[in-house]
Structures are given as structure tokens and as C-alpha cells.
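Everything on this sheet refers to the single structure shown next.
The values are calculated or read from the model by the stated rules, or taken from the named source; none is laboratory data. Remember, it's a predicted structure, so these values are computed and weren't measured experimentally. All Cβ positions, glycine included, derive from the backbone under ideal geometry; neighbour counts span all protein chains shown. These accessible areas exclude ligands, DNA and RNA; they are computed on the full protein's heavy atoms, side chains included. Shrake-Rupley method; radii C 1.70, N 1.55, O 1.52, S 1.80 Å.
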Amino acid sequence: MTTDVSAAAVDGGPTARPRRRSARTAVLVAVFVCAACGLVYELALVALGSYLIGDTVGQASIVLGVMVFAMGIGALAAKPLQPRAAAAFALVELALALLGGLSVLGLYAAFAWLDLYGPALVGTAFVLGLLIGAEIPLLMVMLQRIREQSAGSAVADLFAADYVGALLGGLAFPFLLMPVFGQLKGALVVGAVNAVAGVALVCTVFRAELGRRARIAVGAGSVVVALCLGYAWFTAHDFELTARQQLYRDPVVHAERSRYQEIVLTRSVREAGRTATDLRLFLNGDLQFSSVDEYRYHEALVHPALNGPRGEVLVLGAGDGLAVREILRYPDVRRVTVVDLDPAVVALARREPQLRELNGDAFADPRVRVVNADAFGWLRGTAERFDVVVADLPDPDETATAKLYTVEFYALVRSVLAGDGRLVVQSGSPYFAPRSYWSIEASVREAGFATVPYHVDVPSFGDWGFLLAAPGATPPALALPAAAPPLRFLSAGTLASAGNFPADRPRLDVPASTLLRPRVLEYARAEWRGY
């Protein structure tokens, strides 16, 4: 027989104290679990925004700012609910479980079909914050009904459980939920846990406080939440495939979400004077290459930098193996070290048949060594020296990648270059993003390099720019190696023209980018907005 905790509190029998203690423990466990779930919802919104939009700092600021603001409003809004705290808490947790569990699915749908991601994010964060803010006042009332104690002691108990629970949620999200379930199903799992924790507390410890209507409402709400989350779980895979395909014009042949990014490979057959298969790689929605014209990009990136000693070559990024393919065409290259953060990209380049054909099965060559590490951190720790460094890194439109286009980063590159070594950097478009391009050039110069800017036309990207650089005051020659293999696009004449910039796209005098002032990030976001 279950005893009402309110009665237990005044019961003079020998079982009163253990019942009060177990009831208080149950409340604090619920606080712990609900806090963990609440933090996971916040992290899920930030992570989804960083994947879809690419602005991690901006997304975190919006989500956290809106949610904390809404939590304050939620705490005030919970005041009228305090007389029926137990029933209100159960319904709040069910609403939170439903919205939080479906939040990733709903926001992904808003992004893929409705182009309303921004307003949907703000609305979702606000309602989640409102519900989370109502939890603590209601739990405080419930805790005091078990045993009256000073406000300071009650607050200390609740917030201790709340903060420790937040730690659990913060660790569980990246190390358990994301690797095991992924973002979409991970949110559903947390929603289910949230619902169970809230309803179980109320229906056991505070069952006697629930009137008939409250019991019906909690029971009906539990059924609705269970059905919604269960249906979403079983249809999640099909939903994700359909939504993802909506984002790409060509059929998706491979998609995965690694620890670092979303990796999508599309394939189609096009008529462009001749029938050609177009294989395209996207990372977080950004096009990395099109097989129709990638040779233009990679010939322009690699071959001018190999004009000179090239026994030891370091490639930063380029996990698709296409730049490595061009480097391996020189028999006097002894070793190619590829430093790429995401092992999933390299694994795809090793196993996907069409991609292997495109990169010439570059990673099977014994001269190639792959290091899966952050380029910045790896450069700081290595004592190796290289004749050529090829920086084929993602564009600096995210916080994580902007540091790879700073003075500090190029200074690290200079420290691993041989005295007569060369550096080449893919630098974005001098046409669409001129301030970004010339800021990168200024950063390379400030790190102690003499630079040679050049650009070529890559139809999939438009006018695309590169920087060839050498340590010291003497710029390297913009020329092809004497031993260059036959090329499909690049020639001596094409390369000579590539060093000229038209009058409507002259050199800009813009400041360099640094770790503490990542100007290239500001420029890239402003210039690429709308493209």
C-alpha cells in the first residue's frame, strides 16, 4: 500500500522518516534526470545549427540566450501552478519530452522544406526554455511538501542535483547519444527518458495528490507522448532520407553523420556536350568537388607548388584523395603525409568505388601516410620538415575552420617548411569573396611568406583563387615543374594568365586574420551570404 507523502510527514510512526527520506531522494533523482535532459536539448539545437548553418558561435549564442531568457519567464509563469504542483510538473515534463524529443526532426524539416529554420529555432528554444524554467519552482514546492525545511537548504539540494545532472547530459550528448543514436534518434531517446522520469515521480511519490481529472490528463498525455515519440522513432530513417534528398538536386548515394560533420555523396548523369557522370561530395552542405571539373581545381592547386624540391609533401585536409592523386604523379615524391581531421572522409575515399576511381586509389599507395588529427594541433607538435605544404582546407565560414586561415596557423606551417619549401593555400573566390581572399593573402604575408596570388575558372565554383608562397622575401615562380605530367587543364599559358587580376577585382588592402580577431570569418559570412 502506497502512503501519501503528506500524511507520512505528520505520521508519528516508525516508518515516517524512511518514507520521507526515500521520497526526497526520488525528487532529487528526478531533478538530476530532468536537468540532464534539458541540457541535451540545448546541445542538440546548437549541434544541429552548426551542421546546417555552420555558425557554431552564432547558433550557441541564439539558443542559450533565448533559452535562459525563456527560463526566467517560465519560472514566473509557474507561480499560479504551485497549488497543483505535482500534476503541473507531470504535464510540463510531458510537454517538454514531446517538444524536446521532436525538436531535431521538426527543425530539420523546417530547414529542408520550409526555409524557416531561423524562426523555428528561436520558437523552439523559447518554448523549451519556458518549460525548463517551470521545473525548479514546481519541484521546490513538491520537495517542501515532503518535509518542510529552510529555503536555503532546499535550494542547495535542488541546485546540486540540477548541476550534477547537467554534467551528465553534457557528457552523454557527444560521447554516447551522438555516436550510438545520432542526433535525431538521440533526441527521441532523451524525450522518452524525460517523460518517464517526470511521470514516474508524480505517479508514485505524489500519486495521492492527483485528482481524477489530473490522473486522466497525465495518463492521456503519457499515451500521446509515447505514440508520437514511438512513431517518430520507427519513421526516423525514412524521414531523414527524404529530408536530406530535398536539400540536394542530385540523387544521394551515400550519407553519414560523422563525429565532425555530415558527409553526403551525390551522383547523376549529365548531358554537357557528352554524357558524363557527376559525382559530388558535400560536407555540411558545402560542395567539395564535382567530378566533372575537379581536375581544374586540383591541377591548379597542386602542380605550381611542386615546382622545386618535392620529396616530402604535407597535405592539410583533402581527405577525398584528389589532391594526393595529383601529387603521386611525380615519381620523385618519396612520401605524402595527409593530415585530415575526419577519418570518415578518408574511409569513404578508400572504399567507395567511384570515388576510388576518381582519386586513383591514392590512399593505397605505400608512399601515403594518413594522420587523423586537427591540423593546427598537429603542426604544433610535429618536428618533421616538408618540401611542400598543400593547405586544401574547408572555407573559413565557421569558427572551427577560421583558425586555419590565421597568421598563427601560417606561422606554424612556416616552422615545418624546409628553407626552400613552398606553401599553397586554397583561398576561396576573389570574385565572390574578395575581402576574404585578400585577408588570407595578408595573413600569409604577415606570417613571413612572400606570396603569389593566382586564380582559375572552375565551373562548379566559379572564379577560384589560390596563394603560392615561400618563406622569406622572394616570391616563388608561378610555373609548372619541368617534369610535370600531361595535364588536362593547366598549361604554361593558362598559369601565366592566372596571375593577372581584372580591373574590377583588384588587390584589396585588408587586415590579416588572427586567432583573437578572426576577420576572415566576418568577411566570409558577409560575402557568401545569399550564395
TODO: Treat every Asp and Glu Cβ in region 127-224 as -1 and every Lys and Arg Cβ as +1, leave all other atoms uncharged, and give the resulting dipole magnitude about the Cα centre to the nearest 20 debye.
DONE: 420 debye
Open item on the list: I'd like the FRET efficiency for A276 and N500, computed as 1/(1 + (r/R0)^6) with the beta carbon distance as r and R0 of 30 Å, rounded to 0.05.
Closed with: 0.50
Open item on the list: Among 278-289, 499-510, 427-438, how do they line up by average Cβ neighbours within 10 Å per residue, starting with the highest?
Closed with: 427-438, 278-289, 499-510
Task: Extension reserve of the A220-A160 stretch, reckoned as 0.36 nm per residue once the Cα distance is removed - done: 18.4 nm
Task: Gained length - A200 relative to R213, 0.36 nm times residue gap less alpha-carbon distance - done: 2.9 nm
- [ ] Could you pull the Cα extents of region 415-531 along its three principal axes, largest to smallest, in whole Å?
- [x] 41, 35, 23
Task: Cleavage-rule hits (GluC sites (Glu not before Pro)) in region 371-473: DSSP loop, at most 12 neighbouring Cβ within 10 angstrom - done: E384
Task: Crossing angle, helix 407-416 versus the chain [Cα axis fit, 0-90 degrees, rounded to tens] - done: 60 degrees
Open item on the list: Can you compute the FRET efficiency between A151 and L64 using 1/(1 + (r/R0)^6), with r the Cβ-Cβ distance and R0 = 30 Å? Round to the nearest 0.05.
Closed with: 0.65
Task: Positive-end residue of V315, I263, A276, charge dipole of region 256-397 with Cβ unit charges - done: V315
Task: Cα-based convex hull volume of region 273-355 per residue, rounded to whole Å³ - done: 120 Å³
Open item on the list: Taking the square root of 5 times each eigenvalue of the Cα gyration tensor, what semi-axes in Å does the equivalent ellipsoid of region 44-143 have, largest first?
Closed with: 28, 13, 9
Open item on the list: Given a Förster distance of 22 Å, report the FRET efficiency between S268 and D365 from their Cβ-Cβ distance, rounded to the nearest 0.05.
Closed with: 0.15
TODO: For region 167-216, report the accessible area per residue in Å² (1.4 Å probe, heavy atoms, rounded to an integer).
DONE: 50 Å²
Task: Cα shape, region 348-490, gyration tensor, a/c 1.5 rule - done: rounded
Task: Whole-number Å³ per residue for the convex hull built on Cα positions in region 56-108 - done: 74 Å³
Open item on the list: Once you place label points 7 Å from the Cα toward the Cβ at S22 and L515, how far apart are they in nm?
Closed with: 5.5 nm
TODO: Let me know the shape class of region 134-243, please: from the alpha-carbon gyration tensor, a ≥ b ≥ c as square roots of the eigenvalues, rounded when a/c is under 1.5, otherwise prolate if a/b is greater than b/c, or oblate.
DONE: oblate
- [ ] Along Cα→Cβ, 7 Å out, is where each label goes; now give me the distance between the ones at L487 and C228 in nm to one decimal.
- [x] 5.8 nm
Task: S258 - accessible surface, heavy atoms, 1.4 Å probe, Å² rounded to 10 - done: 20 Å²
- [ ] Leaving ligands, DNA and RNA out of it, rank C37, C203 by accessible area with a 1.4 Å probe, largest first.
- [x] C203, C37
TODO: For H254, H237, write out the residues from largest to smallest accessible area, computed with a 1.4 angstrom probe and no ligands counted.
DONE: H237, H254
Open item on the list: Can you show me the helix-derived [θ] at 222 nm for the chain, built from DSSP H runs with n ≥ 4 at -39,500 (n - 2.57) apiece and divided by the number of residues, rounded to the nearest 500.
Closed with: -18000 deg cm²/dmol
- [ ] Determine the gain in length on full extension of the stretch R529-V180; use 0.36 nm per residue of separation and subtract their C-alpha separation, reporting nm with one decimal.
- [x] 122.2 nm
- [ ] May I ask which residue of T235, L301, A109 lies farthest towards the positive end of the charge dipole of the chain, with charges of +1 (Lys, Arg) and -1 (Asp, Glu) on Cβ and the Cα centre as origin?
- [x] T235
